[in-house]
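Following: one structure in structure tokens, then a few remarks.
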Amino acid sequence: METARREQLRAQARAYFDGRDYRPIDATALGERLEAKEREHGELVELLFELQEAGVAVHVDGRGWCSPRKEGWVVGTLDVKRRGFGFVRPACPDGHGDVFIAPERLKDAHDGDLVLAKIRKPKRGSKSSRAAGADTREGRILLVLRRTRRALIGVYFKGEHGAGLVEPLLHESVREIYIPAGSSKGAKDGARVMARLSQGPTVGGYPPGEVVEILAKEGSWRADLQIIQAEYGIEESFSDEALREAERFPARVPPAERERRADLRGHTIFTIDPEDAKDFDDAVSLERTRDGGYLLGVFIADVSHYVRAGSALDRDAYKRGTSVYLPGKTIPMLPERLSNELCSLQPGVDRLVQAVWIEIAPDGELRSRRLEAAVIHSKRRFTYSEVQDLLDGAKPARGEAPLAELLFEMDRLRELLRAKRIEQGAIELDLEEQNIELDAEGEVVNVASRPRDRAHNLIEEFMLIANESVARIATEREIPIVRRVHAAPAEEDVESFLKFCRQIAPEVKARGASDFQKLIEGMRGKPLAPVVNYVLLRSLARAEYGAGKSLHYALAKDEYCHFTSPIRRYPDLYVHRALAGPLGGKPSAETAGILRQSDDLGRLARHCTDTERNAEEAEREMNKLRAISWLARRVGERFVGVITSVLDYGFFVRLDGNQIEGMVHVSALRDDLYVLKEALFMLRGRHKGRTFRVGDELLVEVMAADPLHRVVDLKYLHHRD
């Protein structure tokens, strides 16, 4: 079936399920209604199952194909929380948000399953109503449409006739998984395993599955890695076809390819990256213009030259969406043959790039921008620490004084660009990063805070202006691309944050969102600064990918996309392909084919947002696991920390120097009965009046650290003066 005809059938089917004449219908009758030819029946059924994945239609035994929206149902992915309840995230957003599912209404569904849920009205004041939140719909699971392929962590219990059960460890609400004979991987009774659900009917009320791996020793780096990969569905291996494609490329740039590009090998171009980086996807150069302005060159690995749309490499990269950076382990989006070799802008070798030339006036205004396909030869690989040392006054290595002077010019431009961004309304949070140091076996040596420095910010500023420039070029040439967008915060979130600041830091005046950056600057260097920045971060929306031009609130830019990291982010790779026209004269046939499908662009944006957030959560949880395993060896030790949030059952404390967060439970405060004063962000003793308020500095003792449930229990000792 031709693409045009397939899209026509898809549109007609959608219109039927959304239309006034809708009735449950079988595929044959729907085909007749849509005047589909008999030979098109098979593809129509495929289209219907695609519409089921999209939440537009759903197949129910005995009724045929139904419209979830018309029936009061929702098709979506189930997210089960550790407290036992879950939420169904609609596959087809309807403007009403997620659907809350109480533990007793989960049926046999598991975290990550595609499910059909029936929406129901909650009873006001019910326990489930309070857990869901005032504006959240409630429902119950009717059917599991597709089992998740994500593995689950659990304990294997041997049963009769070679079969067994796996009891999940991390989600109390889900049922045990039935493991048929021959599917246990030789696991012994009581072993910790990873199990994966299988499609098919339940067995004795339990969904079927198989053991995929027996876990390493509890608390080890290997076990933590297995857990995170299982929880977040992160695969290491690439398809054999993709690996074969990667190996076919020549090690050196062919002369014919070099000749059709701008030859920039004589330019002074270098990279600046972390010490342990292997995939160098960006390099920079800088020249001064006659009037005192700057000509900035940003050179990005031309991954699109190697990873063609529709290839096995492209399919694997799309599925991953992004590289994942875990402590002690990088799981790349592309095979290492590309990510660490052919596409990595290593010094001393020719590499293919897409070059962004940006002319900047002496006052920081963007004058002009252009793109070109080029070949470069990086002169030097700098690390962040090397650049920071030079900026701090270290003596350059022999023969590198010109490079050091160039870095000082870059630093001046960095400050100019940053000042211009702040002047235009950008928000730059003052947050330190958590740095986990590992030994050769992956075990944690130390957990410490890592402050931001000028070397990091230098590259950040150059990438920001390059991404903005590319987005503007795409707009000028009317080329549809995936954009990076960030919505403005809701009014109630702004007011809630300002209310927090008035209570916690009344000396810093802020009347609205336009004062956020002034507030950040006013708090810089003060003890409460990390808390204020952290609460502000939680008040802001999360950035995401979108198909249309839109505001990036935090950057104060109306034009922005991701272009500068195609080795590790699929949206960047897509933008590179879309810009084949500006670089080579005309879009390639494969690029034009992609751009015809406007629906595909929105679907791609949603997919890339989902894979990015999945990777971010995996990275955050792996950091937490490793940090807690380090803290577990320090039970009984004392730390200074600051209260970051208060609840009716206790308060969270972030430990100074390592950013690990733990809880002091009210049951451990035996001197009084403590009551939450929500409006004042504090717990107050009813009889003695002692308070625990967000921002208070305390001395605490580590009582317990549980990596499995990722919780740290702290004991309060006394306030710090």
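List of remarks:
- Residue list for region 693-721, restricted to those being assigned to a loop (DSSP other than H, G, I, E, B) and either more than 30 Å from ILE227 (Cα to Cα) or of a type in the set (Gly, Ala, Ser) (or both): VAL694, GLY695, ASP696, ARG720, ASP721
- Look at (1) touching a helix residue (DSSP H, G or I) at 6+ places or on another chain (Cβ under 8 Å); (2) surrounded by 13 or more Cβ atoms within 10 Å (Cβ to Cβ) and you find that ASP648 fails only one, number (2).
- Considering residues of region 493-519 that are outside any helix (DSSP H, G or I) and charged (D, E, K, R) only, the residue nearest to GLY548 (Cα to Cα): ARG511
- Test: residue in region 117-130 that is at pLDDT 85 or above, outside any strand (DSSP E or B) and either crowded, with 21+ Cβ neighbours inside 10 Å or in contact with a Pro (Cβ under 9 Å, 6 or more places away or on another chain) (or both): no
- Here VAL253, VAL193 are screened, and the one residue that is assigned by TED's automatic domain parsing to the domain that holds GLY164, β-branched (Val, Ile, Thr) and on the phi < 0 side of the Ramachandran plot is VAL193.
- PHE563 meets the conditions (1) outside any helix (DSSP H, G or I); (2) over 15 Å from ALA466 (Cα atoms); (3) among the aromatic types (Phe, Trp, Tyr) in every case but one. The failed one is (2).
- Yes/no for ILE177 being touching a strand residue (DSSP E or B) at 6+ places or on another chain (Cβ under 8 Å), closer than 21 Å to LYS81 by Cβ, at pLDDT 85 or above and outside the structural domain of ARG83 (by TED's automatic domain parsing): yes
- Criterion: in contact with a Leu (Cβ under 6 Å, 6 or more places away or on another chain), among the β-branched types (Val, Ile, Thr) and surrounded by 15 or more Cβ atoms within 10 Å (Cβ to Cβ) - qualifying residue of VAL298, VAL307: VAL307
- For region 8-37, the set of residues classified as over 11 Å from SER67 (Cα atoms) and either in contact (Cβ under 8 Å) with a residue 60 or more places away in the chain or in contact with a helix residue (DSSP H, G or I) (Cβ under 8 Å, 6 or more places away or on another chain) (or both) consists of LEU9, ARG10, ALA27, THR28, LEU30, GLY31, ARG33, LEU34, ALA36, listed by residue number.
- Criterion: at pLDDT 85 or above, within 29 Å of the chain's Cα centre (by Cα) and outside any strand (DSSP E or B) - qualifying residue of ALA134, ALA109: ALA109
- Cβ-Cβ distances below 7 Å connect the following pairs, each with a first residue in region 247-261 that is surrounded by 10 or more Cβ atoms within 10 Å (Cβ to Cβ), a second residue that is of a type in the set (Ser, Thr, Tyr), and a separation of six or more residues or different chains: PHE249/TYR306.
- Single match in LEU579, LEU555, LEU573 (criterion: within 17 Å of the chain's Cα centre (by Cα) and either in contact (Cβ under 8 Å) with a residue 60 or more places away in the chain or on the phi > 0 side of the Ramachandran plot (or both)): LEU573
- Scan of region 204-234 for residues that are surrounded by fewer than 16 Cβ atoms within 10 Å (Cβ to Cβ) and without any contact (Cβ under 8 Å) to a residue 40 or more places away in the chain, ordered by number: GLY204, ALA216, LYS217
- Residue in region 310-318 that is crowded, with 22+ Cβ neighbours inside 10 Å and farther than 15 Å from HIS576 by Cβ present: yes
- Out of LEU264, LEU286, LEU296, one residue alone is in the same structural domain as LEU413 (by TED's automatic domain parsing) and over 30 Å from GLU433 (Cβ atoms). It is LEU264.
- Within region 604-637, the set of residues being charged (D, E, K, R), crowded, with 18+ Cβ neighbours inside 10 Å and farther than 30 Å from GLU53 by Cβ comprises LYS624, ARG626.
- Whichever residue in region 529-564 is closer than 19 Å to PRO489 by Cβ and β-branched (Val, Ile, Thr) and, among such residues, is surrounded by the most Cβ atoms within 10 Å (Cβ to Cβ): VAL532
- Some residue of region 512-528 being surrounded by 19 or more Cβ atoms within 10 Å (Cβ to Cβ), under 21 Å from ILE300 (Cβ atoms), touching a Lys or Arg at 6+ places or on another chain (Cβ under 9 Å) and hydrophobic (A, V, I, L, M, F, W, C): no
- Across region 475-483, a minimum of one residue is classified as of a type outside the set (Val, Ile, Thr), touching a Gly at 6+ places or on another chain (Cβ under 9 Å) and exposed (fewer than 15 other Cβ atoms within 10 Å of the Cβ).
- Scanning region 364-408 for residues that are part of a loop (DSSP other than H, G, I, E, B) and free of Cβ contacts under 8 Å to residues at least 12 places away in the same chain yields ASP392, GLY393, ALA394, LYS395, PRO396, ALA397, ARG398, GLY399.
- TYR22 being outside any helix (DSSP H, G or I), aromatic (Phe, Trp, Tyr) and modelled with pLDDT of 90 or more: yes
- Subset of region 328-385 that is under 22 Å from GLU275 (Cβ atoms) and aromatic (Phe, Trp, Tyr) - its residue that is surrounded by the fewest Cβ atoms within 10 Å (Cβ to Cβ): TYR384
- Taking region 220-239 as the range and being at pLDDT below 90, more than 20 Å from the chain's Cα centre (by Cα) and polar (S, T, N, Q) as the test, only SER220 passes.
- Search result, residues across region 498-511 that are surrounded by 14 or more Cβ atoms within 10 Å (Cβ to Cβ) and in contact with a Leu (Cβ under 8 Å, 6 or more places away or on another chain): CYS501, GLN503, ILE504, ALA505, VAL508, ALA510
The values are calculated or read from the model by the stated rules, or taken from the named source; none is laboratory data. Because the structure is predicted, anything quoted here is derived from the model rather than measured. Methodologically, a virtual Cβ is constructed for each residue, glycine included, from the backbone with ideal geometry; neighbour enumeration extends over all protein chains shown.
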